[in-house]
Amino acid sequence: MEKYKYLIAGGGVAGATAAETIRGRDSEGSIAIVNEEPYMLYSRVMLSKPNFFLGQIPFESIWLKGKEWYEKNRVVFMGAKKLEKLETGRKLATLSDGTQIEYDKLLLATGVCTREWQVAGADKKGVFYLRTLEDGKKIIEAVKTGKRAIVIGGGFIGFEMADMLHLAGLDVTMVIRENYFWEPLLNEASGRMIEKAMTENGVKILYNLLVNEVLGNEEVKGVLLSNGTRLDCDMIICGIGAECHTDWIKSIGLNVNRGILANEYLETNLPDIWTAGDTAEFKDLILDETVQIGNWVNAREQGRIAAINMTGERKPFKFVSFYTTQGMGVTIAFVGDVRMGPDRIVIQRGSPEINSYGRIIILDKGSRKEVEGATFINRTKEMGSVAKLIESNMDVSNKTKELGDPNFDLKLLLPAI
Amino acid sequence: MANQKEYIRNRADSKIGKIVVDRDLCIGAASCIAVSSTTFELDNENKAIVIGGDAVDDATLIMAAESCPTKAIILFDKEGKQVFPK
């Protein structure tokens, strides 16, 4: 039986960063990564970027860590294998090919799965999702001959895929269930700015609609919408969110909600098991609630912190998360917690009319007000300053004028370092 | 020549003399900012720019470059030899 001091399930950025961090702190301890995909670390965020899809940057640029790195750092990589069973008492993991591994410390960084589209005919050829490199390769091929594409979902994947398909010369229609782009994380005015940029580029957007059926025999020929309209297409890309398949994990006694539950040290409820990345639903010390965050920057930082804790230190994960994207002449940035609620006030910076619009989200705690998050359309530059304001927990009760002045440099509000 | 922007680093205790950001490769993932917000920020085109070339030590700067999911940050030593990506 194989035995490793550190077993890491999931070789994406959280798992690979954890391995790298562990090796930096424990030069002798054996490390193994079990990864469902056969590939060593690649840039998953590149998968949805138009310049990668359209060959404007070499395909090889997707690789981030090669075989030499794993060898040099003595990290055993087991690709195309999955963790399928855990006996936590005996600290014994069984992989999809039957391999049994004993471990001392285990990190669950297996990511999330794309949510499957529950529509009649969704299994036809020409319906694509985007999670793995194989998914990306299939879309790259389909785009070469595709003429008319439908994109389902109005989030990051939908936005970036629509941009890519449009740049590839396809006729693109988006079908969005909500009233406007990115509802409810953005307000309507921000959503309409994105819509304007997209429609000016020729992308059609249909709101308040669902697909009732995917039409065609074996291959996609079109869709039937919930208002009875038929749209022809030869490919469909679904970006309708992600979910974790956690049933088997639940059965071994790990506490699970939408993701695997963890405290601020990224420890699960079972001894010597940590979690990191998209799959972790963790206690966020800055927001003071339990959240699940799916993005590259967060996953990387969680992999690092989990590894520090796996090697004996006790360091809480404390990090303001952010995400940005761009396309069709518009840039979009989210920082911190952008959800609305009765105790939240929004301070606007700039306006849709000047094509530069931010929303600073303030948590009203009665006696004090703190910056909680922000969204920016064409104002990404302010994201870093807002991240620092969130982290500082500064009382901004008497700073609302400055926060609402689009020409005021937010850096001036930051505490001196 | 790719769309690259160069920033000179003058820190005395540093072996790194130049930071280059490849703006075609940069996708605004902002991982460099997560590692060192005193060195990098995103501009309004969602591209990383250097705001403090001398702000952090070499180890932190290399870590920021390594964190980039598109290898858009390229580091050179004071003799002009590329030190990252290797």
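Rule-based calculations on the coordinates, nothing more; no lab input. The shown structure was predicted, so the numbers you read here are calculated from the model rather than taken from an experiment. Positions of Cβ are generated from backbone atoms using ideal geometry, with glycine treated the same way; all protein chains shown enter the neighbour counts.
Quick rundown of the values:
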item	result
Karplus-derived 3J(HN,Hα), 6.51/-1.76/1.60, for each residue of the range A:283-290, Hz, glycine and proline x	7, 8, 6, 6, 8, 6, 8, 8
³J(HN,Hα) computed for each position of the range A:376-390 - Karplus, 6.51 cos²θ - 1.76 cosθ + 1.60, integer Hz, glycine/proline x	9, 10, 6, 9, 3, 3, 7, 4, x, 5, 5, 4, 5, 4, 4
Crossing angle, helix B:58-67 versus chain B [Cα axis fit, 0-90 degrees, rounded to tens]	30
Angstrom value of the Kirkwood radius, inverse mean 1/r, which spans all Cα pairs in the range A:287-406	15.5
FRET E, pair A:Asp26, A:Thr199, Förster distance 56 Å, beta-carbon r, rounded to 0.05	0.55
Three-way shape call for the range A:1-148 based on the alpha-carbon gyration tensor, with the a/c threshold at 1.5	oblate
Phi-based couplings in Hz for the range A:187-194 (Karplus 6.51, -1.76, 1.60; Gly and Pro marked x)	7, 5, 4, 5, x, 5, 5, 5
Listed residue (A:Gly155, A:Leu266, A:Val256) projecting farthest to the positive dipole end of the range A:148-285, Cβ model	A:Gly155
Along each principal axis, Cα extent of the range A:204-323, largest first, Å	59, 33, 22
Within the range A:232-352: Cβ-based charge dipole about Cα centre, in debye rounded to nearest 20 (Lys, Arg +1; Asp, Glu -1)	400
Above-threshold pairs, the threshold being 28 Å between Cα atoms, out of A:Lys72/A:Lys381; A:Lys196/B:Lys18; A:Lys369/A:Lys411	A:Lys72/A:Lys381; A:Lys196/B:Lys18
Whole-Å semi-axes of the range A:341-405's equivalent ellipsoid (Cα gyration tensor)	20, 13, 10
Given A:Lys91/A:Lys315; A:Lys283/A:Lys365; A:Lys125/A:Lys204; A:Lys5/B:Lys15; A:Lys365/A:Lys388, the pairs whose alpha carbons are separated by over 27 Å	A:Lys5/B:Lys15
Residue (of A:Gly384, A:Thr325, A:Ala374) at the positive-pole extreme of the range A:278-417, dipole from beta-carbon charges	A:Gly384
10 Å beta-carbon shell around A:Leu130, net charge (K/R +1, D/E -1)	+1
Overall form of the protein assembly as shown per C-alpha gyration tensor (a/c, 1.5; a/b vs b/c)	rounded
Dimensionless Rg over Rh [chain B; C-alpha; Kirkwood]	0.92
Calculated [θ] (222 nm, deg cm²/dmol) that DSSP helices of n ≥ 4 give over chain A, each run adding -39,500 (n - 2.57)	-6500 deg cm²/dmol
Projected label distance in nm at B:Arg11 and A:Asp364, using a 7 Å step from Cα toward the beta-carbon	4.4
Calculated FRET efficiency for the pair A:Ala80/A:Ile252, C-beta based, R₀ 22 Å, to 0.05	0.40
Whole-Å distance, taken between Cα centres, linking the range A:69-84 and the range A:31-56	16
DSSP beta bridges in the range A:103-252 [antiparallel fraction, %, rounded to 5]	35
Proximal aspartates and glutamates relative to A:Lys65, as straight alpha-carbon distance under 12 Å, when same-chain residues fewer than 8 apart are discounted	A:Glu20, B:Glu66
Antiparallel DSSP beta bridges within chain A, percent to nearest 5	55
The range A:24-86: proportion of alpha-carbon pairs further apart than 20 angstrom, %	43
Extension gain (nm, one decimal) between A:Leu285 and A:Glu178, 0.36 nm per residue minus Cα-Cα	35.4 nm
Cα-centre dipole for the range A:249-305 with unit charges at Cβ (Lys and Arg positive, Asp and Glu negative), debye to 20	200
Dipole moment magnitude, nearest 20 debye, chain A about Cα centre, only Lys, Arg, Asp, Glu C-beta charged	440
Whole-Å semi-axes of the range A:87-166's equivalent ellipsoid (Cα gyration tensor)	37, 14, 13
Cα centroid separation - the range B:21-86 against the range A:174-217, whole Å	34
